[in-house]
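Quick notes on the structure that follows.
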Amino acid sequence: MPIYELWNQASNSLAAGTAFLGLIYVLSVMVLVGTTETSSRITWALARDDAFYGSAYLSHVHPTLKVPVWSIVANTAACAVMGCLYLASTTGMSSETPRLF
């Protein structure tokens, strides 16, 4: 990672660069969990009001875990599909305007 080398050179210490990189990884996981939790709760609330196709599954809360498992799965699948589309697309996600002719 370029930022790792930058931190190593700036601090003149491999330990400091590794600590900063570890901190970035921990913060990234925390953000990922928070975003997944929030989006699944929003999906669950909208499904509870019959705003989605498949609301019967998405509005169900797991009796033991007390979380909307199917909403989490649906959001994770949607994010995975969008991520794959982003990686596979050469014109859809680029900053250039596509030419029609």
Could you check residue 54 against (1) modelled with pLDDT of 90 or more; (2) exposed (fewer than 11 other Cβ atoms within 10 Å of the Cβ) and say which number it fails?
(1)
From the list 40, 28, exactly one residue is surrounded by 13 or more Cβ atoms within 10 Å (Cβ to Cβ) and either under 19 Å from the mean Cα position of the chain (by Cα) or of a type outside the set (A, V, I, L, M, F, W, C) (or both). Which is it?
40
State which residue pairs qualify: first residue more than 14 Å from residue 23 (Cβ to Cβ) and inside region 1-13, second residue aliphatic (A, V, I, L, M) in any location, beta carbons under 8 Å apart, and separation of 6 or more residues or different chains.
8/14; 8/16
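The values are calculated or read from the model by the stated rules, or taken from the named source; none is laboratory data. Computed from a predicted structure; not experimentally measured. All Cβ positions, glycine included, derive from the backbone under ideal geometry; neighbour counts span all protein chains shown.
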